[in-house]
Each structure stands twice: as C-alpha cells, then as structure tokens.
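The structure appears right after this line, and notes come after that.
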Amino acid sequence: MSDDPLSKIKRKLQDEIDALDHELNLELPKELMKARAHGDLSENAEYKYAKERQGFVSARLGQLKKRMGDLGMLNLNNIPHDRAGYGSRVWLRDLVKISEVEYKLVTSEEADAAKGMISTTSPIGKALLGRRVGDEVKVQTPAGVKEFELIRLKTIHEDV
C-alpha cells in the first residue's frame, strides 16, 4: 500500500475493524458464557453489559465496513483537475467580513477545522465540491449563512 492519505485512512479503519472483529467473535462470547454461568440472567449486570456491548460493536463494524466500501470507490483519478474536490486546497474570500480563509477538503476521518481541514461532507465542504475559481458560494452553517468567492484553487493533482 502506498502512503497517500486514503491508504492511511483505510489502514486506520481496517485496524479498528480487526480489533472490533476480535472483540465480537472471541472476547464477548467468552464474557457472555462466563456471565451465563453466574445463573439468573434477569439481574446479571455482566450479561446485560456484554449483550449491549455486542450490539454496539456489531453496529460500529457495520458502519466501518460501509465506510471502507465508500473509500474503496473513491478513485483519485476521477477527481477533477479544474474544480474543487477531495484533496483540493481552496482560498475563499468571505464576502461579508471581507477576509480570506484557506481550507483543504478532506474525508471526515481527516477533518480538523482548527487546522483548516474540512470534510467534504460538512456544509461548507459540500458547497465547495465542483466549484471553480470565481464561483460565489452561499452556505447555510450553524452560525448562519456565509457567502464566499472561490479566489484560488489547487487540486489534489497539483498539490503532490
């Protein structure tokens, strides 16, 4: 596997999947057997906890496997060369505050707003996808409507 950002994310997700798989298929069944041996299951806190944990782990595994599938379909070659997409660095002029801000569009796993890395699934990230330099973007955010103009763009293909 190469060390591009997607490979790192996939590796991180796969590590979590492996750990949860181990817990679901090896550790939790042992805990449930031990708890059953204690007798009355109606007042057995260990049994209830293990069953709840089993449900949580199972649901989390489902989410992670779906996310891996989604990332597997993300082909870096399909990202546009002339419009904002995953991995793009965008410079925006805030049309209300007349200030500039720079963001990098990333996956939700990489997002870190304090570092200017915003998810393509966030309101601003979604609004920027497919935009070109010169486009004006209105975004409904939790803090209200923001208006930006895309003044500079560097796609993932240029940012290598």
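Of note:
- A helix-only calculation puts the chain at -13000 deg cm²/dmol for mean residue ellipticity at 222 nm, using -39500 (n - 2.57) for each DSSP H run of at least four residues, averaged over all residues.
- Counting only protein heavy atoms and a 1.4 Å probe, segment 78-123 has 52 square angstrom of accessible area per residue.
- Magnitude of the charge dipole for the chain, about its Cα centre and with charges confined to Cβ atoms of Lys, Arg (+1) and Asp, Glu (-1), is about 300 debye.
- Cα lying deepest toward the dipole's positive end in the chain, options L71, N44, S99, charges on Cβ: S99
- Accessible area per residue was computed with a 1.4 Å probe on protein heavy atoms; M117 scores about 50 Å².
- D112, D82, D94, D40, ranked by accessible area, largest first (probe 1.4 Å): D40, D82, D112, D94
- Residue-level accessible surface for T120, protein heavy atoms, 1.4 Å, Å²: 30 Å²
- Residue among L6, T120, S108 farthest towards the positive dipole end of the chain, charges placed on Cβ: T120
- Coarse-grained scattering of segment 42-160 at q = 0.14 Å⁻¹, given as base-10 log I(q)/I(0) from a Debye sum over alpha-carbon atoms: -0.66
- Helix 45-73 axis versus longest C-alpha principal axis of the chain: approximately 30°, rounded to the nearest ten.
- Among the trypsin sites (Lys or Arg not before Pro) in segment 41-138, those placed in a DSSP loop whose Cβ has at most 11 other Cβ atoms within 10 Å are K97, R132.
- Cα-based helix-to-principal-axis angle, 28-37 vs the chain, degrees rounded to 10: 30 degrees
- Degrees between helix 5-22 axis and first principal axis of the chain (Cα, 0 to 90, nearest 10): 10 degrees
- Expressed as a whole percent, the accessible surface of segment 14-156 that belongs to carbon and sulfur atoms is 52, based on a 1.4 Å probe.
The values are calculated or read from the model by the stated rules, or taken from the named source; none is laboratory data. Quantities reported herein were computed from a predicted structural model and do not represent experimental measurements. Note that we place each Cβ from the backbone using ideal geometry, even for glycine, and neighbour counts take in every protein chain shown. SASA here: full protein model, heavy atoms, side chains in, ligands and nucleic acids out. Shrake-Rupley method; radii C 1.70, N 1.55, O 1.52, S 1.80 Å.
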